[in-house]
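The values are calculated or read from the model by the stated rules, or taken from the named source; none is laboratory data. Remember, predicted model here, so these are calculated numbers, not experimental data. Using ideal geometry, Cβ is built from the backbone for each residue, glycine included, and neighbour counts are taken over all protein chains shown. In case anyone asks, the SASA skips ligands and DNA or RNA and just uses the protein heavy atoms, side chains included. Shrake-Rupley method; radii C 1.70, N 1.55, O 1.52, S 1.80 Å.
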Amino acid sequence: MILHLPDEQESGTNSNAGVLDSYISRIVTGDKEALALLYRATSASVYGFALSILKNTQDAEDVLHDSYIAVYSSACTYRSAGKPMAWVLTITRNLCLQKLRERKKMADVLPENWETGLESRREISEDDKLVISECMNRLSDMERQIIALHAIAGFKHREIADLLHIPLSTVLSKYNRAIKKLKKYLGKESKSDDKSGN
Amino acid sequence: MTNQEIDNKIRQAFSNAAPDVLDAVLTECASQEGKVIVMTEKRKVSSLKKWAVGIAAAFVLCIGGTAGFRVYQANYTVASTVSLDVNPSVEITVNEKERVLAVDAKNEDGKNIIGDMDFKGSDLDVALNALVGSMLKNGYLSDIANSILVSVDNNDPEKSAELQARLAEEINKMLQTDSFSGAVLSQTISSDSELQKLADKYGITLGKAQLIQQIISKDTRHTFEELVSLTINELNLLSKSGSITLDNVNSVGTASDKAYIGEKKAKAAALSHAGLSESDITRYTCKLDSEDGIIVYEIEFCSGGYEYEYDIHAVSGVVLKYEKEPDEDYVAPDKPAEGDVQTPDAGTTPDTETPPDAGTTPDTGTTPDAGTTPDAGTPPDAGTTPDTSTTPGTNQVPGSNQTPNGGHHHRSEWHHQAQTCVGETTARNAVCAHAGIAFENMTGYKCEQDIEDGACIYEIEFECDGYEYEYEVDGATGTILKYEKEYDD
């Protein structure tokens, strides 16, 4: 199947909400081009959020896949409230939590393999791997999810609080703490890069 | 590295790392379309069983409905309303669990402090902390304006009182900063449809409306409209300065008056305007007050047989208004009351007192710019009170600044300071020229300086040859704006 799709990711929640709403409306009628458009616009957010919860590239990929299947099959239940991205990521979060429950049952599966999973992928630059590595290593689970939702999905803090069911003040404090850590470590890396470049 | 740069790096890294599973998704979606869902045949259920199931279902629904209603009530019904007023006015509604249902801004400043914060579902304490923090950050609460009003409305008076005390204490702690300490007013409120209408009309909370109503009930000189524009700090200062005891309002801390020039400078401005020195005056009083929504130092004193009353702009020190009128309690030093030795401003001898002695009156009732008005006024009816009327046309001494108009004190009514005014003398000369009457021939002369739509106006009234004249003179140019001449019957 060949589809002509714009190569862009959604960077904010509000700016593209109307467009995403229209994709979901078309998906209800079985329009796969609309599903593809929704995928292109949101897959980075879905994958980033899933990886931030699961810390396992294979599981995150599975959830990425299953999320869009779920979107396709349950689009008719979507009630537009101007928050299509929140709906998609709620599906993603539920699938991730389901995965975590499955993991507990299958204790023999290596739970966190993000490092090895990324190592094998040569198409990802070292810089990008470093950024993901810092997010995975330096941040707590909740901090990582908040950063993923804010930086990748473009969610506002109150939208993050709604999605994760935590108080706004917690989101604010954890976001600030996380960004401080990332500034410290990513700042160090960029400085050392500058020095080696010189 | 800025937050935005970090966000960009993260977005880019995860976008590049996201695998492309679109084809797999589309293929699976296509395969789902051909799936057939097998419908199994329903077993027949006996009618007795149906009844039993029905009754059980109804029972469960009943229990569930009641429980659901209770859950709904606990989560979504407004249990308390907490309002915060500084100048920003915001109203927080919370449920039984003190979780925020909504935060509404009552004015533009309220919108500023809320910004894009969404408190729905958060704890009241968290919302309170964030809102007060935002007021501090945005400078609405500072060392020059440190007062906040917290008002609590709950159907249960005990709960109201408990919440009021707790929130006031929390806010007070938040306002104990390195640079200043806050002043917290707190009260419980109850629904009042009339007051609510007023609050809605003026874009304030019911709490602030209740506070204003209390102040005007204790000090009837003020109106609701006048006080509504004042901040809580100004209302706090006003009530303290006027010694107004506010029932049901708990007050912690002292309202800041650092934004104002202070009593000393205000007094100096008034004395300078009156051409008097500290030693010339007696019965001096000073208090902060509001005039047309402007905070002023209201200064009163007596000197040389006159009572002076000044409104000094509390921030700029400009004389906004002044009034000077004969002091009815004044007894000239050389004419003490019978059987009593009186000082010029001590005691009262209404029947025997002498009008202000010309020699002791440096600026006998003229406006500050009436520089040509003779100073040496002769008492028109010495031995009587200044109020004792003489009929128009009696042998007055126009320009003497005493009471040429029977029934009128020669009184500088409320005068407004205006930089561009030509002065009373110029205005009076314009009127004399227009009417063709010499000033000496006028009786009942009265001049008031006023501000209309920001422009200085002189209102001049006098009588001559049985006619009453009324003039309005443009204070900026000295031109006649309006005049009336009526036969004085």
Exercise for review: Show A:THR90, B:THR205, A:THR116 ordered by accessible area, largest first, where the area counts protein heavy atoms only and the probe is 1.4 Å.
Suggested key: A:THR116, A:THR90, B:THR205
Review point. Which of the residue pairs A:LYS180/B:LYS137; A:LYS83/B:LYS208; A:LYS32/B:LYS120; A:LYS156/A:LYS184 have a Cα-Cα distance greater than 26 Å in the structure shown?
Key: A:LYS83/B:LYS208; A:LYS32/B:LYS120
Review point. Chains A and B: how much accessible area gets covered up at their contact, both sides added, probe 1.4 Å, in Å² to the nearest hundred?
Key: 3500
Point to revise | Candidate residues A:ARG138, A:ARG121, B:ARG166: accessible-area rank, largest first, probe 1.4 Å | key: A:ARG138, B:ARG166, A:ARG121
Check your understanding: Any idea of the accessible area per residue across segment A:17-197, 1.4 Å probe, to the nearest Å²?
Key -> 45
Revision key, fill the gap. The set of residues whose placed amide H lies less than 5 Å from the amide H of B:GLN449, leaving out same-chain residues fewer than 5 positions away, is B:HIS416, B:GLU459
Practice item. Provide the three semi-axes, in whole Å and in decreasing order, of the ellipsoid equivalent to segment A:17-197 as defined by the square roots of 5 times the Cα gyration tensor eigenvalues. Key: 29, 19, 17
Exercise for review: For segment B:100-159, just say rounded, prolate or oblate: build the C-alpha gyration tensor, square-root its eigenvalues into a ≥ b ≥ c, call rounded for a/c under 1.5, and beyond that prolate if a/b exceeds b/c, oblate if not.
Suggested key: oblate
Point to revise | Shape call, segment B:80-252: gyration tensor on alpha carbons, a/c limit 1.5 | key: rounded
Point to revise | Accessible-area composition of segment B:416-487, carbon plus sulfur, in percent [1.4 Å probe] | key: 41
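Relative to the Cα centre, what is the charge dipole magnitude of segment A:17-197, using +1 at the beta carbon of each Lys and Arg, -1 at the beta carbon of each Asp and Glu, and rounding to the nearest 20 debye?
720
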Point to revise | Accessible surface, 1.4 Å probe, highest first, among residues B:PHE462, B:PHE439 | key: B:PHE439, B:PHE462
Review point. In whole Å, what is the distance between the alpha-carbon centres of segment B:420-487 and segment B:220-279?
Key: 35
Check your understanding: Each residue of segment B:293-301 in order: what ³J(HN,Hα) in whole Hz does its phi give by Karplus 6.51 cos²θ - 1.76 cosθ + 1.60, θ = phi - 60°, with x for Gly and Pro?
Key -> x, 10, 7, 10, 8, 9, 10, 10, 7
Review point. Which of the residues in segment A:25-56 lose at least 30 Å² of accessible area when you go from the chain alone to all protein chains together (probe 1.4 Å)?
Key: A:LYS32, A:LEU35, A:TYR39, A:ARG40, A:ALA44, A:TYR47
